[in-house]
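Single-structure report; data block below.
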Amino acid sequence: MSLNEKQNELCESSTTDYSDLSALFLNCTLKRSPELSHTQGLIDISMAIMQKNGIATETLRPVDFDIAYGVWPDMTEHGWESDAWPPLLEKVMAADILVIGTSIWLGEKTSVCTKVVERLYSASGQLNERGQYAYYGRTGGCLVTGNEDGAKHCAMNVLYSLQHLGYVIPPQADADWLGEAGPGPSYLDPGSGGPENDFTNRNTTFMTWNLMHMARMLKDAGGIPAHGNQRSEWDAGCRFDFQRSEWDAGCRFDFTNPAYR
């Protein structure tokens with residue numbers, strides 16, 4: 001994917017090192033590889049910007065994998081004969097940036113995208129080494145393509161889901177391309193105007209750089225500060241800024257320390 005002049009200029013003028021970051025793109029198209037995916041066309045722009053800045057990127061189509069339905073990390077432990085999700089979850093957890101791409105059908109994200117969000121939720125009870133929810137310290141965004149309205153609705157759903165899981169969502173963390181209402185060319189079809197659309201290119205560029213900036217800040221800060229958001233401490237009896245009572249008998253925080261006020 002070749003970047004336009006503005007996108008190349010931004011990459012060349014950046015003085016920030018992003019080379020220790022990684023990004024995973026999950027293309028939730030309904031089309032199995034190697035069939036042409038118009039959503040992948042939009043993903044490729046974001047990936048190219050990241051790659052030009054030294055970020056390790058990978059894109060996968062969940063539809064290519066035998067992912068079981070359910071809300072447990074490994075559904076073979078709950079009656080399913082096979083489940084390709086566990087190794088995909090390892091890739092999700094290893095990435096600093098997660099971008100979910102989806103096309104629109106009947107105004108909604110794809111069924112594959114819904115399944116991916118459900119399976120991401122299956123790990124929502126896991127904790128990191130500081131007792132926070134496991135997805136803390138990562139950032140996420142969303143790319144949408146379609147021939148009808150509904151892009152903002154789909155992005156709203158995906159981005160809400162990601163932040164609920166623990167991802168940090170930066171400003172303008174979504175971008176989309178929509179064709180005219182009714183039958184017509186899709187993003188990568190000749191004559192669609194999609195790859196040349198300045199509005200889409202601008203928003204995809206802004207989304208990508210904001211994800212990169214946020215991932216850089218989170219990495220440099222060591223993630224989200226661990227105070228007032230540790231499930232392990234809450235379960236141990238801590239109630240942080242609530243009035244002390246028998247609830248927090250096991251809490252180890254010094255509530256007289258101004259840093260905790």
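The values are calculated or read from the model by the stated rules, or taken from the named source; none is laboratory data. Since this is a predicted model, take the numbers as computed values, not measurements. Quick reminder, even Gly has a Cβ in these numbers, built from the backbone with ideal geometry, and neighbours come from all protein chains shown. For accessibility, only protein heavy atoms count, side chains too; no ligands or nucleic acids. Shrake-Rupley method; radii C 1.70, N 1.55, O 1.52, S 1.80 Å.
Worth pointing out:
- Taken as a whole, the structure places Asp198 among residues that are over 22 Å from Tyr167 (Cβ atoms), open to solvent by 40 Å² or more (accessible area, probe 1.4 Å), modelled with pLDDT of 85 or more and of a type in the set (D, E, K, R).
- Taking the range 122-147 as the range and being surrounded by fewer than 16 Cβ atoms within 10 Å (Cβ to Cβ) and not polar (S, T, N, Q) as the test, the residues that pass are Gly125, Leu127, Glu129.
- Qualifying residues in the range 186-209 (those that are in a loop (DSSP other than H, G, I, E, B) and touching a residue at least 12 places away in the same chain (Cβ under 8 Å)) - the one nearest to Gly54 (Cα to Cα): Pro195
- The residue that is least open to solvent (accessible area, probe 1.4 Å), among those in the range 66-108 that are over 22 Å from Gly140 (Cα atoms) and among the aromatic types (Phe, Trp, Tyr), is Trp80.
- One residue stands out among those in the range 148-163 that are without any contact (Cβ under 8 Å) to a residue 40 or more places away in the chain and over 17 Å from Phe25 (Cβ atoms): the one that is most open to solvent (accessible area, probe 1.4 Å), which is Lys152.
- For Ser111, the requirement of being out of contact with any Leu (no Cβ under 8 Å at 6 or more places or on another chain) and surrounded by fewer than 17 Cβ atoms within 10 Å (Cβ to Cβ) is not met.
- Residues (over 17 Å from Val116 (Cβ atoms) and either among the small types (Gly, Ala, Ser) or in contact with a Phe, Trp or Tyr (Cβ under 9 Å, 6 or more places away or on another chain) (or both)) located in the range 45-68: Ser46, Met47, Ala48, Ile49, Met50, Asn53, Gly54, Ile55, Ala56, Thr57
- Index of the failed condition, Met212 passing every other in (1) part of a helix (DSSP H, G or I); (2) hydrophobic (A, V, I, L, M, F, W, C); (3) at pLDDT 90 or above; (4) more than 26 Å from Thr16 (Cα to Cα): (4)
Listed here are the residues, each with its yes/no results for (1) part of a loop (DSSP other than H, G, I, E, B); (2) loosely packed, with under 13 Cβ neighbours inside 10 Å.
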residue: Lys6; (1), (2): no, yes
residue: Glu12; (1), (2): no, yes
residue: Thr16; (1), (2): yes, yes
residue: Thr29; (1), (2): yes, no
residue: Leu42; (1), (2): no, no
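- Some residue of the range 230-242 being at pLDDT below 95, open to solvent by less than 20 Å² (accessible area, probe 1.4 Å) and either under 30 Å from His38 (Cβ atoms) or of a type in the set (Ser, Thr, Tyr) (or both): no
Yes/no matrix, rows are residues, columns are (1) more than 20 Å from the chain's Cα centre (by Cα); (2) not polar (S, T, N, Q):
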site: Asn4; (1), (2): yes, no
site: Ser19; (1), (2): no, no
site: Glu35; (1), (2): yes, yes
site: His38; (1), (2): no, yes
site: Gly41; (1), (2): no, yes
site: Ser46; (1), (2): no, no
site: Thr59; (1), (2): no, no
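- Filtering Leu21, Leu36, Leu60 for residues that are out of contact with any Cys (no Cβ under 9 Å at 6 or more places or on another chain), more than 21 Å from Val168 (Cα to Cα) and in contact (Cβ under 8 Å) with a residue 60 or more places away in the chain leaves a single hit, Leu36.
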